Amino acid sequence: MVDEYQCEYEYSAGSTISFKTNDLNPRIRKPGLHVDTRVDGTRVVSDTGASYLEITCSAVINGNTMDTLHSVQTGAIVYSGGYPRLKKIYWDGDSTEANYEVALMDVDPHDLNNGWWVVNLTFVGKDQ
């Protein structure tokens, strides 16, 4: 594996923000999965089959990119027509997975001074 991953977030047709990160963390969440323990100690699993992708990462970005990200996230994003989405995820430097429709649920920026920011991001898949 390479030391850096890249995510390309396309918030509307042709408008993207790219992130380089070394802590890309994709998770599959299954909110309908439950493990229950009966009175006799038997464990029973029930699963609705529902799942979604959650991806967290952090990246260092410049002030212009931070300004764009701020404007996009505080604006009225329209969740239709396949946008917003993670257009590309470079898992190993070469191969990509593309077009995960997502909502950018959390943007946590920290000023590094001199026009640079570190931003923590949480993307949640709209469908799985």
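The values are calculated or read from the model by the stated rules, or taken from the named source; none is laboratory data. Quantities reported herein were computed from a predicted structural model and do not represent experimental measurements. Cβ coordinates were reconstructed from backbone atoms using ideal geometry, including for glycine residues, and neighbour counts include every protein chain displayed.
Before moving on, here are some points about what is shown:
- Scoring residue 62 on the criteria (1) surrounded by 15 or more Cβ atoms within 10 Å (Cβ to Cβ); (2) in contact (Cβ under 8 Å) with a residue 40 or more places away in the chain; (3) of a type outside the set (A, V, I, L, M) leaves a single failure, condition (1).
- Only one of the listed residues (38, 85) is touching a strand residue (DSSP E or B) at 6+ places or on another chain (Cβ under 7 Å), of a type outside the set (A, V, I, L, M) and farther than 20 Å from residue 5 by Cα. That residue is 38.
- Only one of the numbered conditions (1) charged (D, E, K, R); (2) in contact (Cβ under 8 Å) with a residue 12 or more places away in the chain; (3) surrounded by fewer than 14 Cβ atoms within 10 Å (Cβ to Cβ) is violated by residue 88, and that is (3).
- The residue of the stretch 1-48 that is surrounded by the fewest Cβ atoms within 10 Å (Cβ to Cβ), among those that are among the β-branched types (Val, Ile, Thr) and within 26 Å of residue 78 (Cβ to Cβ), is 16.
- Strands (runs of 3 or more DSSP E) within the stretch 40-128 that include 2 or more residues under 23 Å from residue 23 (Cβ atoms): 52-62, 85-90, 100-113, 116-125
- Among the conditions (1) more than 18 Å from residue 125 (Cβ to Cβ); (2) among the small types (Gly, Ala, Ser); (3) modelled with pLDDT under 90, residue 59 misses just one, which is (3).
- Residue in the stretch 12-28 that is β-branched (Val, Ile, Thr) and outside any strand (DSSP E or B) present: no
- Residue, farthest from residue 15 (Cα to Cα), within the stretch 69-83, restricted to residues that are modelled with pLDDT of 85 or more and of a type in the set (Ser, Thr, Tyr): 74
- Of residues in the stretch 91-119 being over 23 Å from residue 28 (Cβ atoms) and of a type in the set (Phe, Trp, Tyr), the one surrounded by the fewest Cβ atoms within 10 Å (Cβ to Cβ): 116
- The stretch 84-128, residues that are touching a Ser or Thr at 6+ places or on another chain (Cβ under 8 Å), of a type in the set (D, E, K, R) and over 16 Å from residue 15 (Cβ atoms): 106
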